[in-house]
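This report concerns only the one structure given below.
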Amino acid sequence: MINIRTLTDKDRGRFVRLGDELGRLVKWSPEYLYVVFRCAKQWHRYLEFSPHMVSPVDVEFCDELPIEKTVGWERQPSHI
């Protein structure tokens, strides 16, 4: 579960997990998170994909990533 009240701008772009699905947090509202899934391993372009609205109860931050999911990470801006 992710507590929306504690999110800051530093959390934008963080990886999250919904079950077995990996995604990146784009934005949030008072009730929902907006997460991009299935970026065709182009995680550096996640803002170009349409986010899905998900309940914060269903997702958690994922700070340890499988290597096959990180393709494109090396081109990420350093502030994310």
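The values are calculated or read from the model by the stated rules, or taken from the named source; none is laboratory data. Everything numeric here is computed off the predicted structure, so don't read it as measured data. Glycine gets a Cβ as well: all are built from the backbone with ideal geometry, and neighbour counts include every protein chain shown.
Structure notes:
- Restricting attention to region 3-13, the residues that are among the charged types (D, E, K, R), surrounded by 15 or more Cβ atoms within 10 Å (Cβ to Cβ) and either free of Cβ contacts under 8 Å to residues at least 60 places away in the same chain or touching a Cys at 6+ places or on another chain (Cβ under 8 Å) (or both) total 1.
- In region 66-80, residue modelled with the lowest pLDDT [restricted to those that are surrounded by 13 or more Cβ atoms within 10 Å (Cβ to Cβ) and part of a helix (DSSP H, G or I)]: Trp73
- Scan of region 48-65 for residues that are surrounded by 14 or more Cβ atoms within 10 Å (Cβ to Cβ) and either touching a residue at least 60 places away in the same chain (Cβ under 8 Å) or under 10 Å from the mean Cα position of the chain (by Cα) (or both), ordered by number: Pro51, Val59, Cys62
- Hits in region 26-46 (condition: of a type outside the set (Ser, Thr, Tyr), closer than 19 Å to Ile2 by Cβ and without any contact (Cβ under 8 Å) to a residue 24 or more places away in the chain): Val36, Phe37
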